[in-house]
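The values are calculated or read from the model by the stated rules, or taken from the named source; none is laboratory data. The structure displayed is predicted, hence computed values, not measured ones. Backbone-built Cβ (ideal geometry, glycine too); neighbour counts: all protein chains shown. Note: accessible area is taken over every heavy atom of the protein model, side chains too, but ligands, DNA and RNA are not part of it. Shrake-Rupley method; radii C 1.70, N 1.55, O 1.52, S 1.80 Å.
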Amino acid sequence: MANNVENGDLNNLSKNECWNGKKTAIQVKIDCEATELFLTLLEDNWESLNDSKTSKNQIWKQIADGLEEVFIVRGQDKGNTCKTKWENMRKEYRSYLSKFQTGSAASDTKKNPKFFDYIEKIIGSNNHSYKPNITLLYAYVL
């Protein structure tokens with residue numbers, strides 16, 4: 001019988017643990033799929049997370065529960081694991097934008113962070129100080 005992992009078919013496997021720190025090819029794929037699902041769940045709950053009247057811990061737990069339907073999330077407080085995952089992704093996103101805006105040499109060669117477009121879609125370009133340097137872009141064209 002063929003092994004589903006070797007065929008790359010993750011949909012037929014039992015639940016896989018995500019974000020466990022392993023760097024094998026299959027684990028990287030699992031982590032990417034888990035992160036895509038996580039960001040979809042985050043986007044679905046974004047309005048509630050930004051509502052001052054809603055318990056944030058409850059929303060993070062709902063996101064973790066949704067993720068747990070497909071993946072195994074590490075840690076005892078799975079809602080906190082998801083919150084930390086988001087904080088780390090947002091930090092990387094903001095750091096990239098900061099370097100991009102200052103014209104740092106690192107921004108010329110560094111690609112967008114993983115899931116940049118997903119995060120941009122969730123946060124929205126109006127929710128941060130991201131303003132492309134038009135002069136800099138114009139200089140590259142000439």
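Here N88, N127, N80, N112 are screened, and the one residue that is on the phi < 0 side of the Ramachandran plot and at pLDDT below 75 is N127. The residues of region 42-74 that are open to solvent by 50 Å² or more (accessible area, probe 1.4 Å) and not in a helix (DSSP H, G or I), listed by number, are N50, D51, S52, K53, S55, E69, V70, I72, R74. Taking residues in region 48-76 that are without any contact (Cβ under 8 Å) to a residue 12 or more places away in the chain, and partners anywhere that are open to solvent by 90 Å² or more (accessible area, probe 1.4 Å), not one pair has Cβ atoms closer than 7 Å while being at least 6 places apart or on different chains.
Residues in region 75-99 that are among the polar types (S, T, N, Q) and part of a loop (DSSP other than H, G, I, E, B): Q76 only.
Select from region 11-41 the residues that are over 16 Å from K78 (Cα atoms), part of a helix (DSSP H, G or I) and not polar (S, T, N, Q) and list them in ascending order. Selection gives A25, I26, V28, K29, I30, C32, E33, E36.
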